[in-house]
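Visitor: Before I ask anything, let me first share the structure, which is written out below as structure tokens.
The values are calculated or read from the model by the stated rules, or taken from the named source; none is laboratory data. Please read all numbers here as calculations on a predicted model, not as lab measurements. With ideal geometry, Cβ positions are generated from the backbone for all residues, glycine too; neighbour counts draw on all protein chains shown.
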Amino acid sequence: MTDDENRDESEDELRRRAEESFNTGMEAYEHGDWRGALERFERALALYRGVSGSERNQANCLFNSGVVLGELGDWRGALERYERALALYRGGFRQRARPGQLPEQQRCCAGRVG
């Protein structure tokens, strides 16, 4: 989906579609469908980019994409997603769930990459 297509929809509709994609990504993850989960988290991220004030949601999409990429053995991709998520988490709000987990995930991936 292009940014122009996203602009044609209301932010409420974009948020609804992004939440739906994120939730189906969580379901796919819980069933071990790594590629399906990754596709849905990436789709949710693209949709959230069209919603103002959705930085935390974007960071959650990136974090979950990192988890999935780790499951798939793509440690470089996972580390890149964790770093992007961390930048968003640090950009004006604090991660509420599981403080300290993101740096732990980064260390895990960095050890496998380098």
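Visitor: Among the residues of region 4-27, count how many are under 13 Å from V67 (Cα atoms) and either out of contact with any helix residue (DSSP H, G or I) (no Cβ under 8 Å at 6 or more places or on another chain) or of a type in the set (A, V, I, L, M) (or both). Break it down into steps so the answer makes sense when it comes.
Guide: Residues of region 4-27 that are under 13 Å from V67 (Cα atoms), as a first pass: 25-26.
In the following step, the residues that additionally are either out of contact with any helix residue (DSSP H, G or I) (no Cβ under 8 Å at 6 or more places or on another chain) or of a type in the set (A, V, I, L, M) (or both) were identified as 26.
Total satisfying the criteria: 1.
Visitor: Separate question: Would you check which residues across region 16-35 are among the small types (G, A, S) and more than 18 Å from L72 (Cα to Cα) and list them?
Guide: A18, S21
Visitor: Determine, yes or no, whether G70 is modelled with pLDDT of 95 or more, crowded, with 20+ Cβ neighbours inside 10 Å and assigned to a helix (DSSP H, G or I).
Guide: yes
Rundown of residues vs (1) under 23 Å from R15 (Cα atoms); (2) assigned to a helix (DSSP H, G or I), yes/no style:
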{"residue": "G32", "(1), (2)": "no, no"}
{"residue": "A37", "(1), (2)": "yes, yes"}
{"residue": "R56", "(1), (2)": "yes, yes"}
{"residue": "L79", "(1), (2)": "no, yes"}
{"residue": "L86", "(1), (2)": "yes, yes"}
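Visitor: Could you give every pair whose Cβ atoms fall below 6 Å, whose first residue belongs to region 20-37 and is surrounded by 19 or more Cβ atoms within 10 Å (Cβ to Cβ), and whose second residue is part of a helix (DSSP H, G or I) and among the β-branched types (V, I, T), counting only separations of at least 6 or pairs across chains?
Guide: Short answer, once both residue conditions are applied: A37/V68.
Visitor: Of the conditions (1) buried (at least 21 other Cβ atoms within 10 Å of the Cβ); (2) charged (D, E, K, R); (3) part of a loop (DSSP other than H, G, I, E, B), E9 satisfies every one except a single condition; which number is it?
Guide: So E9 meets the others, but not (1).
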